[in-house]
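Input: a single structure, listed below in structure tokens.
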Amino acid sequence: MGRLPQMRVAGLIALDIDSAALPPLLPALVDTERDVDALLLRWKQLYLELPGDKKARCSLEYLVKAVRKDKLRSILPLVDLYNQASLISLAPFGGEDIRALGGELALDLALGDEPFLPLGRDEAENPQPGEAVWLGGGRQVVCRCLNWLESDRFKLTERSRDAVFVSERPDADFPDGEAGMDWLEARLRPHAGRLQRFRLDARQPLFRL
């Protein structure tokens, strides 16, 4: 991506997941020497510098604040797992249902006319031109402003059997998601038929599912 030339994305595909067998988990912060508040401020600054809705925030910020206020609640096992992976690595994580994605997942700049159905809503909208978005097949928006606002069309549910997880690192000043991805892969291994890691960057922003 031209605006984020140092962007690196860690990814994991999990197929044939037995979601019913996943253990319950309430995500929590882990001990870290990293200054979490300084990291969240850096994310906030990055979002202000990028085109898009100025209310947008990194998903990690929402997670950390919810944990600190004891307001984080279980959603469903797959989501709880990737949220915990995010807190372990202090990097944002997203997870989507592969069967809805139309065969590909790409990080790109929006043209502004791509369809997007916000999570929990009934009416579609469009991203702003130049906004960093995750796209599925047919350039449908999977997530707006990097990992800020997820589409209802691609979310993980109790019925999801094939999932893809991604974690973004805009540059070397940010933690990468590899530690969290290692943890997530280990937790899913007993309950998935196949696991595959992948990476994306500015030169290779598209992954064929």
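In segment 57-76, which residues are in contact (Cβ under 8 Å) with a residue 12 or more places away in the chain and either part of a loop (DSSP other than H, G, I, E, B) or of a type in the set (Gly, Ala, Ser) (or both)? Give the derivation first.
Initial filter on segment 57-76 (in contact (Cβ under 8 Å) with a residue 12 or more places away in the chain): 57-61, 63-64, 67-68, 72-74, 76.
Once the filter is applied, which keeps residues that are in contact (Cβ under 8 Å) with a residue 12 or more places away in the chain and either part of a loop (DSSP other than H, G, I, E, B) or of a type in the set (Gly, Ala, Ser) (or both), segment 57-76 yields 57, 58, 59, 72, 73, 74, 76.
Residue 52 meets the conditions (1) in contact (Cβ under 8 Å) with a residue 24 or more places away in the chain; (2) part of a loop (DSSP other than H, G, I, E, B); (3) out of contact with any Cys (no Cβ under 6 Å at 6 or more places or on another chain) in every case but one. The failed one is (3). Only residues that are crowded, with 19+ Cβ neighbours inside 10 Å and assigned to a loop (DSSP other than H, G, I, E, B) were counted across segment 176-187, and they come to 1.
Assess whether residue 153 counts as being surrounded by fewer than 17 Cβ atoms within 10 Å (Cβ to Cβ), among the basic types (Lys, Arg) and over 12 Å from the mean Cα position of the chain (by Cα). No: the conditions fail for residue 153.
Rundown of residues vs (1) within 23 Å of residue 187 (Cβ to Cβ); (2) over 18 Å from the mean Cα position of the chain (by Cα); (3) surrounded by 14 or more Cβ atoms within 10 Å (Cβ to Cβ), yes/no style:
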| site | (1), (2), (3) |
| --- | --- |
| 22 | yes, yes, yes |
| 30 | yes, yes, no |
| 60 | yes, no, yes |
| 66 | yes, no, yes |
| 105 | yes, no, yes |
| 112 | no, yes, no |
| 135 | no, no, yes |
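Quick one: which of 15, 26, 48 is in contact with a strand residue (DSSP E or B) (Cβ under 7 Å, 6 or more places away or on another chain) and surrounded by fewer than 18 Cβ atoms within 10 Å (Cβ to Cβ)? If you could, list the steps in order and put the result at the bottom.
Numbers: 26 fails: in contact with a strand residue (DSSP E or B) (Cβ under 7 Å, 6 or more places away or on another chain); 48 fails: in contact with a strand residue (DSSP E or B) (Cβ under 7 Å, 6 or more places away or on another chain).
Residue meeting the stated conditions: 15.
Annotation: of all residues in segment 132-184 being in contact with a strand residue (DSSP E or B) (Cβ under 7 Å, 6 or more places away or on another chain) and of a type in the set (Asp, Glu), the one that is nearest to residue 103 (Cα to Cα) is 162. Being within 30 Å of residue 24 (Cα to Cα), of a type in the set (A, V, I, L, M) and surrounded by 20 or more Cβ atoms within 10 Å (Cβ to Cβ) is a condition met by at least one residue of segment 188-197. Among the strands (runs of 3 or more DSSP E) confined to segment 77-171, the ones with at least 2 residues that are closer than 19 Å to residue 14 by Cβ are located at 93-97, 104-109, 141-144, 163-169. Going through (1) surrounded by fewer than 24 Cβ atoms within 10 Å (Cβ to Cβ); (2) at pLDDT 95 or above; (3) not aliphatic (A, V, I, L, M) one by one, residue 127 falls short only on (1).
The values are calculated or read from the model by the stated rules, or taken from the named source; none is laboratory data. Values in this document were obtained by computation on a predicted structure and should not be read as measured data. Virtual Cβ from ideal backbone geometry, glycine too; neighbours counted across all protein chains shown.
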